[in-house]
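Heads up, the thing below is written out as structure tokens.
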Amino acid sequence: WDVLQGPQLDYSFFLHLTPAGEEQAIAQYDSALSVDALFSGAWRESDSWLDTAQIQLPHDISSGTYNLWLGVYYYGDGTHLRVLLNDEAQAEQHILLGQVIVE
């Protein structure tokens, strides 16, 4: 995480794994946005944090291509942070990190 502006609140983030071309997540991970027990509300401009997360895949997952999405939200009311990609707001308030191929 590269902090461009210090967050005002402690946020959470999610990772959703969806079949390519579909919106319904088949696996997800949600967590407080914190690193080394320092929650995001205490982060400062120009901080840079390395974080890891793991999604548990369903044991009956089908072969195919899946999209991995990332979003950030305030857990207090569920409000998602606005996501910009190339200075363009993303309607779904999440960003595609990449694809996972299951064989």
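The values are calculated or read from the model by the stated rules, or taken from the named source; none is laboratory data. Computed from a prediction, not measured in an experiment: that's the story for all the values here. Cβ placement follows ideal geometry from the backbone for every residue including glycine, while neighbour counts extend to all protein chains displayed. These area figures cover heavy atoms from the full protein model, side chains too; ligands, DNA and RNA do not enter into them. Shrake-Rupley method; radii C 1.70, N 1.55, O 1.52, S 1.80 Å.
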Of all residues in region 70-102, which are among the polar types (S, T, N, Q), open to solvent by 60 Å² or more (accessible area, probe 1.4 Å) and free of Cβ contacts under 8 Å to residues at least 60 places away in the same chain?
Thr79, Asn86
For region 46-78, enumerate the residues that are small (Gly, Ala, Ser) and under 16 Å from the mean Cα position of the chain (by Cα).
Ala53, Gly71, Gly78
Pull up region 1-39, narrow it to residues that are closer than 12 Å to Leu70 by Cα and of a type in the set (S, T, N, Q), then point me to the one that is surrounded by the most Cβ atoms within 10 Å (Cβ to Cβ).
Ser12
Among the residues of region 59-69, which ones are buried (at least 16 other Cβ atoms within 10 Å of the Cβ) and among the polar types (S, T, N, Q)?
Asn67
